[in-house]
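For reference, the structure is listed below as structure tokens.
Values in this text are rule-based calculations from the coordinates and carry no lab data. Because the structure is a prediction, the values reported are computed rather than measured. All Cβ positions, even for glycine, are placed from backbone atoms using ideal geometry, and neighbour counts span all protein chains on display.
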Amino acid sequence: MKKIILATIAISLLLGANIWAKDISLKITNLTKGISLTPFLVSTHKSSSKTFTLGIQASAELIALAEGGDISLLVSKIGTSAQYDNNPNGGLLLAGQSTTANITNISKSNTNLSVLSMLLPTNDAFIGLNNILIPNKKGVYTFYLNAYDAGSEANDELSSSIPGPPTGSTGGSGVTNTSEGFVHVHRGTLGDDNSSGGKSDLNISKHRWLNPVAKVTLTVK
């Protein structure tokens, strides 16, 4: 009887270990026609490491991502105990393209997953798979991601405040715009068809988009 009990305990411990001994793979696809996605933050982390909250003013770390595509401050905020496979594409993820990130031997404490990236060209739009619980069961899980507005910069769609291609600007003031002031679901880029003026420097036939803008296929191994 003693041997049976010990064997049962050993099996239970083994099964318990398997719950946390996870490897995951994420295929990230850009679903837009003419929008690029900046290098991704891909992280497994503690459940307390939430990267943003809808309806609340964006943090300085989130603003750095949403206005300029800089993930370094968010990485510092999430911390060194988290696990990462950042920038799996080695640069911008163009319209219609996919990239794959992998995180192996996930720590027992890193139960949650976040994926973030800025949309270019926009003032302060970003995608976010925000602090989701990683499924315990092995399998394939699909998420369609909306774009969010950091609420930190007016959506003027002007090249002087949008970084990178196609505008060529350094962009991003980093100053909170009190007319918005909180993170919310983005209402999309408008653009116009006036290449030499108009209200927007973005092309309506190329840069117009609606949600969802990205797809994440998560494989738990």
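Can you grab the distance from the C-alpha centre of the stretch 121-151 to the C-alpha centre of the stretch 79-112, Å, no decimals?
When both Cα centres are located, 12 Å separates them.
Around T53, with a cut-off of 14 angstrom between Cβ atoms, what is the net charge of the other residues, counting Lys and Arg +1 and Asp and Glu -1?
That works out to 0.
At a Cα cut-off below 25 Å, give the lysines reachable from K199, other chains included and same-chain residues fewer than 8 away excluded.
Excluding near neighbours in sequence, the set is K33.
Give me the aspartates and glutamates in straight-line cross-link reach of K22: C-alpha distance below 15 Å, same-chain residues under 8 apart excluded.
Straight-line reach from K22, under 15 Å: D85.
Can you list the equivalent-ellipsoid semi-axes of the stretch 22-220, largest first and in whole Å, using the square root of 5 times each Cα gyration tensor eigenvalue?
29, 18, 13
Which links in K46/K221; K50/K138; K50/K137; K137/K215; K50/K206 stretch past 27 Å when you go from one Cα to the other?
Beyond 27 Å: K50/K206.
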